[in-house]
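Encoded as structure tokens, the structure appears first; notes follow it.
The values are calculated or read from the model by the stated rules, or taken from the named source; none is laboratory data. Everything numeric in this text was worked out from a predicted model, so none of it was measured. Backbone-built Cβ (ideal geometry, glycine too); neighbour counts: all protein chains shown. These accessible areas exclude ligands, DNA and RNA; they are computed on the full protein's heavy atoms, side chains included. Shrake-Rupley method; radii C 1.70, N 1.55, O 1.52, S 1.80 Å.
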Amino acid sequence: MLNRKTLYIFVLLLAMFIPSLSFADNITTPKSSNSQIIHQSFSSETLGRDYNYNIYLPVEYKNSGEEYPVLYLLHGSGGNEYDWVQNGNVKKTADKLISKGVIPPSIIVMPGSKSWWVDGNNEAAETAFMNDLIPHIDETWRTIEEKEGRLVAGLSAGGYGTVNFVLKYPERFAAGAALSPAVYVPEPPSHSSGRTHPTFQKDGQFDSEKWAELNYTQYIDAYKQKGIKVPLYINSGDHDTFDIAYHAAVLYQNLREHQPELVEFRVVDGDHEWKVWKETLPDAMEYMYQFIEK
């Protein structure tokens, strides 16, 4: 039996290790046979902190034993893993599309990022996504691990990240959707958060060199040379305050010359707002899921 002194030392040592527990994987076992969204986290070696995400699991995931395609759904600048859950109507949209047979049962991962999904001046978000998040999802959940089972989409800065991921890693994604993508060329407009976000800040100023280095214009030629064509859905509101309808059209035309049958562009009524993203998510999902493994 432990004496009082030994017990005190044991408790003290345990208390010293408690802070490190925040970096342990925190995985919740599905408890329902209905569709559900649960919040998860795991330790990211790249970031040196917990990587948070919400995950949508389709009906019968708990009991089916089957593998499912995965859609990675990215938030915008300053957002987090709850944005699509709280503002984007993602659960209701996925439930409806699946129940009607428009898309197959699928996992949807909504990660949180402090960057614009790139290795910017604040953190290595792109590396963490590719080297930490995707392997974690494939190891933890029953996914189709091949390219044919993986999709990526996002809004605004998440659309910017989607375009970069598709162009840089075409061997990893079956299709993508960029909703109001912040793909400004040559630079973000004066009122864009791209100018003030830590991703593109250096010595308190907008880092134009970093923007040019990380924007899709640096990757599109190499993408075309690879010969792997990833279908891409692009849209924008017609009254987008950041003139994204124009910038998205430039991206669309560039890709249309390369893959005319595998790129779509929609201009819809609206500004840079959740109304646009929530209402067009079903169309974007229907487009992408044409290309996943059945």
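Structure above, values below:
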{"item": "Every pair of residues 6+ apart whose Cβ atoms lie under 6 Å, when the first sits in segment 262-278 and is within 18 Å of L251 (Cα to Cα) while the second is part of a loop (DSSP other than H, G, I, E, B)", "result": "L262/K229; L262/P231; V267/D238; H272/S180; H272/D240; H272/T241; H272/F242"}
{"item": "Set S180, S208: member being over 23 Å from I292 (Cβ atoms), among the polar types (S, T, N, Q) and crowded, with 19+ Cβ neighbours inside 10 Å", "result": "S180"}
{"item": "Residue count for segment 71-85, restricted to those that are farther than 19 Å from T143 by Cα and either part of a loop (DSSP other than H, G, I, E, B) or not β-branched (V, I, T) (or both)", "result": "10"}
{"item": "Residue list for segment 168-201, restricted to those being in contact (Cβ under 8 Å) with a residue 60 or more places away in the chain, within 16 Å of P231 (Cβ to Cβ) and not in a strand (DSSP E or B)", "result": "P170, A174, P181"}
{"item": "Verdict on Y252 being assigned to a helix (DSSP H, G or I) and either at positive phi or more than 18 Å from the chain's Cα centre (by Cα) (or both)", "result": "yes"}
{"item": "Residue match in segment 137-148 (condition: closer than 18 Å to I37 by Cα and assigned to a strand (DSSP E or B))", "result": "yes"}
{"item": "Considering residues of segment 21-40 that are modelled with pLDDT of 95 or more and open to solvent by 10 Å² or more (accessible area, probe 1.4 Å) only, the residue farthest from A128 (Cα to Cα)", "result": "S35"}
{"item": "Subset of segment 260-283 [in contact with a strand residue (DSSP E or B) (Cβ under 9 Å, 6 or more places away or on another chain) and within 12 Å of Y233 (Cα to Cα)]", "result": "L262, V263, E264, F265, R266, V267, T280, L281, D283"}
{"item": "Residue in segment 110-122 that is more than 16 Å from T162 (Cβ to Cβ), open to solvent by 10 Å² or more (accessible area, probe 1.4 Å) and part of a helix (DSSP H, G or I) present", "result": "no"}
{"item": "Residue check, Q225 more than 28 Å from D50 (Cα to Cα), open to solvent by 20 Å² or more (accessible area, probe 1.4 Å) and of a type outside the set (V, I, T)", "result": "yes"}
{"item": "Qualifying positions in segment 145-160 - open to solvent by less than 10 Å² (accessible area, probe 1.4 Å), closer than 14 Å to I234 by Cβ and either free of Cβ contacts under 8 Å to residues at least 40 places away in the same chain or not β-branched (V, I, T) (or both)", "result": "A153, G154, L155, G158, G159, Y160"}
{"item": "Any hit, segment 41-63, residues being more than 20 Å from I27 (Cα to Cα), open to solvent by 10 Å² or more (accessible area, probe 1.4 Å) and not in a loop (DSSP other than H, G, I, E, B)", "result": "no"}
{"item": "Selection within segment 86-109 - part of a loop (DSSP other than H, G, I, E, B) and either among the basic types (K, R) or in contact (Cβ under 8 Å) with a residue 40 or more places away in the chain (or both)", "result": "N87, G88, N89, K100, V102, I103, P104, P105, S106"}
{"item": "Qualifying residue in segment 225-235 (condition: assigned to a loop (DSSP other than H, G, I, E, B) and at pLDDT below 95)", "result": "yes"}
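Residue-wise test of (1) modelled with pLDDT of 95 or more; (2) in contact with a Ser or Thr (Cβ under 8 Å, 6 or more places away or on another chain); (3) within 24 Å of K147 (Cβ to Cβ).
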| site | (1), (2), (3) |
| --- | --- |
| S208 | yes, no, no |
| Y216 | yes, no, yes |
| G237 | yes, yes, no |
| F265 | yes, no, yes |
| V276 | yes, yes, no |
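Here's the yes/no breakdown for (1) in contact with a Lys or Arg (Cβ under 9 Å, 6 or more places away or on another chain); (2) open to solvent by 40 Å² or more (accessible area, probe 1.4 Å); (3) part of a loop (DSSP other than H, G, I, E, B):
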site: A212; (1), (2), (3): no, yes, no
site: D240; (1), (2), (3): no, no, yes
site: H247; (1), (2), (3): no, no, no
site: F265; (1), (2), (3): yes, yes, no
